[in-house]
Amino acid sequence: MSTAPLRIGVLGSGKGSNLAAILRAIQAGELNAVVSIVLSDNPTAGILTLGRERGIPTEALPVSKFRSKLEPEIETIAAEKFAAAQTDLVVLAGYMRMVKAPLLVPFSNRIINIHPSLLPSFPGLEAWKQALEAKVPQTGCTVHWVDSGMDTGKIIAQAAVPIWPTDTPETLHGRIQEAEHKLFPACLAKIAEDPSRA
Ligand code: GAR
């Protein structure tokens with residue numbers, strides 16, 4: 001008996017290229033999933049336009065006063081919307097805040113993130129700039145489970161990306177994103193195929 005499609009709820013703050021990669025993998029039959037809802041903490045984020053264009057239920061959350069987290073009542077709204085969309089897995093696709101109890105508790109062990117470095121190196125914001133400044137020969141991207149720390153949850157998979165002497169923050173982030181667009185859908189496909197999920 002085939003497994004039902006994994007119901008993915010996406011939370012992102014940016015342009016949404018990782019969401020686009022996930023949707024491409026679904027369309028190509030490489031990922032047995034459906035994106036049930038797209039939420040953003042940023043009302044002008046490209047990820048909202050992309051979600052709407054693809055006919056996915058898509059909503060901006062109320063604007064937060066904080067930068068690094070959401071107010072508990074706003075995060076509760078997100079959790080309720082994911083639950084109402086029968087979300088199996090919350091996918092952080094370029095979400096720029098910490099996740100706190102109102103979302104972490106109801107979706108315990110069911111939140112996954114992509115981060116643009118080889119964790120545990122360079123957690124936090126603009127990790128590609130941190131890697132350039134540290135003059136390391138390579139960086140990459142990491143898919144991991146989300147816990148209450150900053151980019152500290154259990155690592156699922158990583159992909160390395162070399163750093164060239166000619167790299168700017170933009171060229172390096174672009175190359176990391178190419179790696180992200182392969183690694184993230186592949187990790188989601190493995191989760192979707194996991195027989196213990198049914
Ligand atoms: C991605 O590179 C992702 O790894 C990063 O934001 C970008 C979002 O791009 N996430 C973080 O830095 C999380 N701390 P996208 O909106 O095009 O998917």
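The values are calculated or read from the model by the stated rules, or taken from the named source; none is laboratory data. None of these values were measured; they are calculated from a predicted model. In this analysis, Cβ positions are derived from the backbone assuming ideal geometry, glycine residues included, and neighbour counts consider all displayed protein chains. Remember, those area values only see protein heavy atoms, side chains included, never the ligands or the DNA or RNA. Shrake-Rupley method; radii C 1.70, N 1.55, O 1.52, S 1.80 Å.
Here are the numbers:
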read-out: Condition met for ALA101 (within 16 Å of the ligand (Cβ to nearest atom), over 16 Å from the mean Cα position of the chain (by Cα) and modelled with pLDDT of 95 or more); value: no
read-out: Some residue of segment 60-67 being more than 30 Å from GLN130 (Cβ to Cβ) and outside any loop (DSSP other than H, G, I, E, B); value: no
read-out: Of all residues making up segment 12-29, the number that are open to solvent by 10 Å² or more (accessible area, probe 1.4 Å), under 17 Å from ILE114 (Cβ atoms) and more than 13 Å from the ligand (Cβ to nearest atom); value: 1
read-out: Selection count, segment 50-74, where residues are farther than 30 Å from ARG24 by Cβ and in contact (Cβ under 8 Å) with a residue 40 or more places away in the chain; value: 0
read-out: Residue in segment 75-97 that is in a loop (DSSP other than H, G, I, E, B), without any contact (Cβ under 8 Å) to a residue 60 or more places away in the chain and within 15 Å of the ligand (Cβ to nearest atom) present; value: no
read-out: Evaluation of HIS144 against (1) over 25 Å from PRO43 (Cα atoms); (2) within 12 Å of the ligand (Cβ to nearest atom); (3) outside any loop (DSSP other than H, G, I, E, B); (4) in contact with a helix residue (DSSP H, G or I) (Cβ under 7 Å, 6 or more places away or on another chain) (one fails), failing number; value: (4)
read-out: Only one of LEU6, LEU61, LEU48 that is crowded, with 17+ Cβ neighbours inside 10 Å and under 19 Å from ARG110 (Cα atoms); value: LEU6
read-out: Top-ranked residue in segment 106-135 [being closer than 30 Å to ALA4 by Cα and without any contact (Cβ under 8 Å) to a residue 24 or more places away in the chain; ranked as most open to solvent (accessible area, probe 1.4 Å)]; value: ARG110
read-out: First in segment 157-179 and away from the ligand (no atom under 13 Å from the Cβ), second anywhere and open to solvent by less than 30 Å² (accessible area, probe 1.4 Å), Cβ under 7 Å, 6 or more apart; value: ALA157/VAL143; ALA157/LEU183; ALA157/CYS187; ALA160/GLY140; ILE163/ALA131; ILE163/THR139; ILE163/LEU172
read-out: Residue list for segment 148-184, filter: surrounded by fewer than 19 Cβ atoms within 10 Å (Cβ to Cβ) and among the polar types (S, T, N, Q); value: SER148, THR152, GLN158, THR166, THR168, THR171
